[in-house]
Every structure is written in structure tokens, then in C-alpha cells.
Amino acid sequence: MAFTEEVIFAGFGGQGVLSMGRMVAYAGMLKGMNVSWLPSYGPEMRGGTANCNVIVSDGLIGSPVVADADTLIVMNRPSLDKFESWVRPGGKILVNSSLIDIKVTRDDVEAFYYPVNEVAAECGNLKAANMVMLGAYIKHRSFLEENDLLGAFLKVFGEAKKNLLPLNEKAVAAGATLV
């Protein structure tokens, strides 16, 4: 049976939303899967809204647009408001409960609430909240492992950011323990 995972990552610019998507796409590619990554952001990179569609599949990908996501990862409330309806029945919504003070309204999806900002701060850097959420995500969707994400880290961020690998490794592991 063919495997396909369609994900929407959404939040404010500056939360690392596009980077989350790139990491998942790159990790899938390094595992030999077909991937697509389609970013979208407002006029401001930091502070404006940002989201991306990611598809990882062992088959062909016909379009990079995600209309019925298997998983929605939301880092802020406007993103939950906008994208909650884009998740297929039976899908999952991972919510940054540090910044989102409402609950998912649908009863045909599974919703999970993680205080990723607080966990990132405990890891030593609030900017690692996206990596904490990725750690939780890979526990929910077992096609990737922590090492897959960390292998993609240097490909996405380059050698110049190699010094941040230990922090991000800690954040991914901390996120995984939330599940």
C-alpha cells in the first residue's frame, strides 16, 4: 500500500514554520521518498503569517497543494482559525498551546496541545519551539525518526549553523517526550 503524508505547517513569520516544512521534506528526501514543499507567506517575513504545504510519499506527487491535510501543525491562533477546516476527517491537529488559548472545534479530528514555547525555553532557546513541535510531530507520524530530522538539519541550515545542532537535538527529543 502506498504511503503519503500531507502536512500544513502554519504560524507567524519568524516562528520557523517554513523551516519546519523544509526539514520534514528534506528528511523524507534523504529517506528516498518523493517530496514537495510549497511555502506561502505574507508581505512580512517576521510577524506576518507564514505557512507551507509539505507532501512526503513513496509514490508520485501530482500537485504540491494540500487541500485535505493528514496533519495540521499550528503555531498561532490565526493559523488555527484559518486552517482547521483544511484537515481531512480522521486527521491530526498539533497545537502550540503556549500561544493558542482556544480548542479545536471539530470532533472528527484528533487534537493535541503542546506548550512548545515553554519547553523550548527549558531547552535553552525560545527560538527552538519549532523543533520541539517537530519532535512531537514525528512521534505522531512514525515515517520519520529523530535522526532523520537531525540529518536534514545541516542540509537545510548549512555548516554555518552546525553549532546549533546540539540545541536542536535537545529540542526535538524534548518534543518527542510530550507525546
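Show me, for the range 81-89, the HN-Hα J-couplings you get by feeding each phi into the Karplus relation (A = 6.51, B = -1.76, C = 1.60, θ = phi - 60°), rounded to Hz, glycine and proline as x.
For the range 81-89, the Karplus-derived couplings read 4, 6, 9, 3, 6, 8, 8, 5, x Hz, x marking Gly and Pro.
Find the Cα radius of gyration of the chain, compare it with 2.2 N^0.38 Å by division, and give the number to two decimals.
This ratio for the chain stands at 0.94.
Within the set K103/K161; K103/K139; K31/K161; K31/K103; K139/K162, which residue pairs have Cα atoms separated by over 29 Å?
K103/K161; K31/K103
Tell me which residues come under 5 Å, amide H to amide H, from Y113 once H is placed; ignore anything under 5 positions away on its chain.
When sequence neighbours closer than 5 places are left aside, the close amide H contacts are V95.
Neighbour counts of other C-beta atoms within 10 Å: give me L60, L99, L72, L165 arranged from fewest to most.
Fewest-to-most Cβ neighbours within 10 Å comes out as L60, L165, L99, L72.
Project the alpha carbons of the range 107-155 onto their principal axes and report the range along each, largest first, in whole Å.
Cα extents, longest axis first: 37, 26, 13 Å.
Could you give the length gained on full extension between K162 and K31, defined as 0.36 nm per residue of separation minus the Cα-Cα distance, in nm?
Here the segment from K162 to K31 would lengthen by 45.1 nm.
Could you run the Karplus curve 6.51 cos²θ - 1.76 cosθ + 1.60 with θ = phi - 60° over the range 134-139 and give me ³J(HN,Hα) per residue in whole Hz, x for Gly and Pro?
Listing the rounded values in order: 5, x, 5, 4, 5, 6 Hz.
Before anything else, pin down the relative contact order of the range 29-142: Cα pairs under 8 Å, at least 6 apart, normalised by residue count, whole percent.
So the answer I get is 15 percent.
Given a Förster distance of 22 Å, report the FRET efficiency between I61 and H140 from their Cβ-Cβ distance, rounded to the nearest 0.05.
0.55
What value, in deg cm²/dmol to 500, does the helix sum -39500 (n - 2.57) over DSSP H runs of n ≥ 4 give at 222 nm once divided by the residues of the chain?
That calculation yields -11000 deg cm²/dmol at 222 nm.
Which pairs break 21 Å Cα to Cα here: K92/K127; K127/K155; K92/K155?
Exceeds cut-off: K92/K127; K92/K155.
Stretched out fully, how many nm does the piece from D101 to D81 gain, at 0.36 nm a residue minus the Cα gap?
6.0 nm
Would you work out the charge dipole size for the chain about its Cα centre, treating the Cβ of every Lys and Arg as +1 and the Cβ of every Asp and Glu as -1, and quote it to the nearest 20 debye?
420 debye
I want the antiparallel fraction of DSSP beta bridges within the range 1-102, as a percent rounded to 5.
Close to 65 percent.
Quick note: the coordinates plus some simple rules give every number you see, no bench work behind them. Predicted, not measured: the structure shown is a model, and the values here were computed from it. Quick reminder, even Gly has a Cβ in these numbers, built from the backbone with ideal geometry, and neighbours come from all protein chains shown.
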